[in-house]
Structures are given as C-alpha cells and as structure tokens.
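What follows is calculated from the coordinates using simple rules that are stated; it is not laboratory data. Source: prediction; values computed, not measured. As a convention, Cβ positions derive from the backbone with ideal geometry for all residues, glycine included, and neighbour counts pool all protein chains shown.
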Amino acid sequence: MNLNRRAFIGASLCAAWQLPSALAASSLRIVSSAARVWPVFLALWTGLLTAPTVSGEAPPLRIDPDCPNYFRQPDGKPVVLIGDYTWGTFSDIDYDYAALFDQLKAKGLNFARIWLWWGGAQFPPPDDKPHVEPFLRPGPGLANDGRPKYDLSRFNPVFFDRLRDLCTAAQQRGLFLQLITMDAWMLKHPQLWKLHAFQRDNNINGVDGDPRNTSTGTDGQEGFCSLGNPNVLRFQEAYLRKIVEAVRDSANVLIEIANENYYNVQWERQLCEFIRQRERSQAGPSHLLVPLDLLNHSSVVQEWNPRAIHAALLAKRALRQPLIFDTDWTINPKDNEVREAMWTAVLSGAHFNYMDDSLDFGAKPAPDKRAALHRQIGHLAAFVQPLKLWEMQPGDAPVKSGYAFAMAATNALAAYLPNGGAVTLDLAKLSGAFQARWFDPRGGSFGEPFGVAGGPAREFKAPDEQDWGLLLQRQP
C-alpha cells in the first residue's frame, strides 16, 4: 500500500468531519461506528486509488452517429445499455459499490445510475444512513441538524476521491455510469429541505435556496433550481467544476444534472452548457449530458403496460437519440410486469435501467429479495448480447397478427410475445435459411432449434401462454 496516499486519505477523512470540541462526542459516534463507516476506509485504503484510470485519450461514451438510438463506447463499438441500480451506491458511506459492480458484471449487465449528492448529510429515520458530501462543515455555528454549518467554498476531498474510485471500479468491470450531480426530489419535502446545504440556516456563505420563504427548494424563479438566484448558481457551478475535474479521464460516464427537476428546465440546460464549455476549455473529452443530449427518465416513458411502452418508444425514435427506459418512478413488486416491460423496451429499440430497492451491499448485506428478477434481467442481457440491435429496425410492420414486438434486419429477427400464444411474422426482408429458437425469459434457456425459410409470412406458436422470446438467425 502507498503509505503517503494512505496518510493523505486519513487526513482527508479527518477534515471531512471537522467539528468543534463541543460536538466531539457526537462526531465520534459517527466516525467510530465500524459497522457503518469501516467499508469506506476499505474502499479508500485498499488500492482502488492506485488502480489504473481510464485513458484520457479514449473518447467517452457518446451517441452512435450511424445509429443515433444507440451509444458508441470508447472502443468505437455500438452498445446496448442494460442496468440495475439503487439510491445509495455512492452517497451512503458504508455502501460497497465494488460488490454491486461485481454482481452487475456477473449477470452480464453494463449500466448503473448513481446519485452523487442528495443535498444533506443524512435523512431522518428510517432512511438515516450518513452520506458522503462534497462540502466541508467547519462552522462556525450549527446547522438545523445540530452539526457545524457547511462552508460551500471548501470541498471535501473524500467525496471527490471516492468519485474517482467509483468511476475506475466501474470501468475495470466494463460498466457505464449515469452520474446524478444533484437531487431535486429532496427539494419538495420541507423536512428534507430543512437539512439541505443550500438552506439559509445551514451554511456560512449567505446562500439561500429559498429566498421567497416557500419552505422548500422548488421555487423555479429564485430557488435552488432557478436562474434567478446568482449566489446559488455560483456555488452550483463551482461544485460542477470539481465534478468535471474528477471525471475528466473517465470515458465510461454520462452526467445528469439533477434527478427529477420539475421546476426550471432552463436552469438545468444552462448548467449542462456550463459543463460543456468547461470541458472544452480544458481541451478534454465532452461527456454526454442530461437533459442537453438525452431525455431524463421521466420524459421517456413511465408505464408498465407493454403496449404503451412500445408505442411511446417508437414515437420518440424520431428524436434520434438513445432512449433509456428507466423505472425510477415506483418500485413494482411484480416480477412479471417488470420483465414484460424491460423486454418490450429493449425490443422496441431502447435501453433499460431498473430502479432497485433490494441491492443491499451495505455494512450488513441482506438476502437478495429480488433474486429471481435479477437473474431475469441478466437473461435479457444474454439474449441480446450476440445481436446487433443497432442494425435492426423495431416497429409494428413485422407482426401481421398476434401480440408481439419485433426487431428485424436482413439476417436476423428478434421478437417478444408477452402472452405467448401464436404470432404471424412477416419474413419478406429475410432471405435464405434461418435457425429459429424459443427463449424462456424466466429461466434463461433456449429451446431446440428448428429451421425457417425467409420470405413469406409464417405463424409461430409459443410453447405456452407465458411470455417468450423468439430469435431467428441466418444459418452460416
């Protein structure tokens, strides 16, 4: 281990929890809790910081110019993103993100959405896990949570070291990350806004994210998500400048300004432009930005109904950008509905990211309560992995009768039948001999292959009335 680096991290951790002597006892309760904090020391001390970083010469994840509904990865190859993620992967100081990334890789997934900064050090119970924060809290004076006030002009080195580690750990496992720099969901809850670093009582910098006294941060004219509060905007830009520096050499990330900002879209787009200009001024790579380059998750589709998902995604293909069907609007306890939605989305030409409340890799990991669903997300990834979906066209034309969604090229056709049964598919664009196989989305296995000739429409009958995938590939 690099002892100088270890000493630096140790000093940074001490600085991150700077507290006056009057609060020493309470601070020790936070820092000395091995069950909650020790994984942070492991993540920062055990060599992740000395691991190789992504080469700054590699172009970052970008929109594929040849097929703009898909991404092009740093090696120049198109890629379909299929992921699984949870809230506290980065922000919870006891969360083992490397263990999560190992699970995603083992299941063949390649994507995760990551909250970086919620706005406060800790939510009230029951969601009371301490968060790593970008700002130091030296005071003077106490904030609404009874801890020293924030100094928004002083950055916490632990936060940005952890961010670099996170990106490196994901890159080493072939994963892409959607980094959320700020959370706007928190702003609408008065009890949470009261704890926010930009709430007037919580910082020493005179920053007031609610000058019109709404008791929240949702004022789109002068509040946290606005262009009418220059002091707030100045500190937000300084924070984003540090984010840009931290991820400069990370080719495997895209950046989302704010989760669920429903208050001022122009504020969010201006901050995207700020990041873009900052990256250009540093002669560095330009990362994809949400919402400048991609729709945010609430603007793609928020339905569990397969027909509605399919129709919405086909309608938005005209935007000529990747569409990520992200389920961050509710946790659906029904595995079959999630499975039907994700298969429909991917075979309608989109990408998929599952918002998951069961990915527990904290100090005391719990049993996987959605193990079957996690396997099934992996089955979808395995089904599409050998396919070049960016060369296939989704649409209603291939389905002549029955209930199915299909994508086709001249050398392959993939279909999903949510209710099984019979479907008639038009094979006019497929010529020659093909091998057809049914795929079980629940168990992840292919059935026996059978021969199919391209050309005329043909009826295919699924093994039963459960959901099934169907794959036709040209025989070599």
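Between the amide H of D64 and those of Y70, F71, R72, distances stay under 5 Å, these residues lying 5 or more places away or on another chain, with hydrogens modeled in the peptide plane. Using the Cβ-Cβ distance between Q475 and S286 with R0 set to 45 Å, the FRET efficiency works out to roughly 0.55. Report for segment 3-384 the percent antiparallel among DSSP-assigned beta bridges with both residues inside it, nearest 5. Taking every DSSP beta bridge within segment 3-384, about 30 percent pair in antiparallel fashion.
Over 31 Å between Cα atoms: which of K77/K129; K105/K369; K188/K388; K316/K388 fall into that group?
Over 31 Å apart, Cα to Cα: K77/K129; K188/K388.
A crude spin-label estimate for the pair F446 and L142, with each label 7 Å from Cα along the Cβ direction, gives 6.6 nm.
Contour minus end-to-end for E465 and L319, with contour as 0.36 nm per residue of separation and end-to-end as the Cα-Cα distance? List each step's numbers first, then the result.
Details: separation 146, 0.36 × 146 = 52.56 nm, distance 3.51 nm.
Here the answer is 49.1 nm.
What you get for segment 166-301, charging only the Cβ of Lys and Arg (+1) and of Asp and Glu (-1), is a dipole of about 220 debye around the Cα centre.
Packing-based ranking of 454-462, 418-426 yields 418-426, 454-462, ordered from highest to lowest mean Cβ neighbour count within 10 Å. Residue exposure proxy: L288, L152, ordered by other Cβ atoms within 10 angstrom of their Cβ from fewest to most, comes out as L288, L152. In this simple spin-label approximation, S358 and Q435 carry label points 7 Å from Cα along the Cα→Cβ vector, and these lie 3.4 nm apart. As a proxy for reagent exposure, L319, L240 were ordered by neighbouring Cβ count within 10 angstrom, fewest first; the result is L319, L240.
Would you calculate a helix-derived [θ] at 222 nm for the chain, using -39,500 (n - 2.57) for each DSSP H run of n ≥ 4 and dividing by the full residue count, to the nearest 500? Provide the component values of the computation, followed by the final result.
Values: 11 runs with 136 residues, N = 476.
Counting only the DSSP helices, I get -9000 deg cm²/dmol.
Peptides 391-401, 85-95 ranked from most to least packed give 85-95, 391-401, packing being the mean of other C-beta atoms within 10 angstrom over each peptide's residues.
In debye, nearest 20: dipole of segment 365-460 around its Cα centre with unit charges on the Cβ of K, R (+) and D, E (-)?
On the way: 9 positive and 7 negative charges, 42 e Å.
It comes to approximately 200 debye.
With both residues required to sit in segment 297-426, DSSP beta bridges show an antiparallel share near 75%.
Within a 10 angstrom radius of the beta carbon, how do L177, L136 rank from fewest other beta carbons to most? Working shown, then result.
Working: L177 27, L136 21.
So the residues, fewest neighbours to most, are L136, L177.
Nearest 20 debye, what's the magnitude of the dipole of segment 3-384 about its Cα centre given +1 on Lys and Arg Cβ and -1 on Asp and Glu Cβ? Please report the intermediate quantities before stating the final value.
Values: 40 positive and 41 negative charges, 98 e Å.
Computed about the Cα centre, the dipole is about 460 debye.
Applying a DSSP loop filter and a limit of 15 other Cβ atoms within 10 Å to the trypsin sites (Lys or Arg not before Pro) in segment 285-390 leaves R320, K334, K369, K388.
Summarising the amide proton neighbourhood of L427: residues at separation of 5 or more, or on other chains, whose placed amide H is nearer than 5 Å comprise G455, A457, R458. Place a point 7 Å from the Cα of R241 along the Cα-to-Cβ direction; which residues of segment 122-140 have their backbone N under 20 Å from it? Hits in segment 122-140 for R241 at 20 Å: 134-137. For a paramagnetic label modelled on A366 (point 7 Å from Cα along Cα→Cβ), amide N atoms under 20 Å away belong, within segment 111-137, to 115, 122-131. Residue separation of V265 and A422 scaled by 0.36 nm, minus their Cα-Cα distance, works out to 52.0 nm of gained length.
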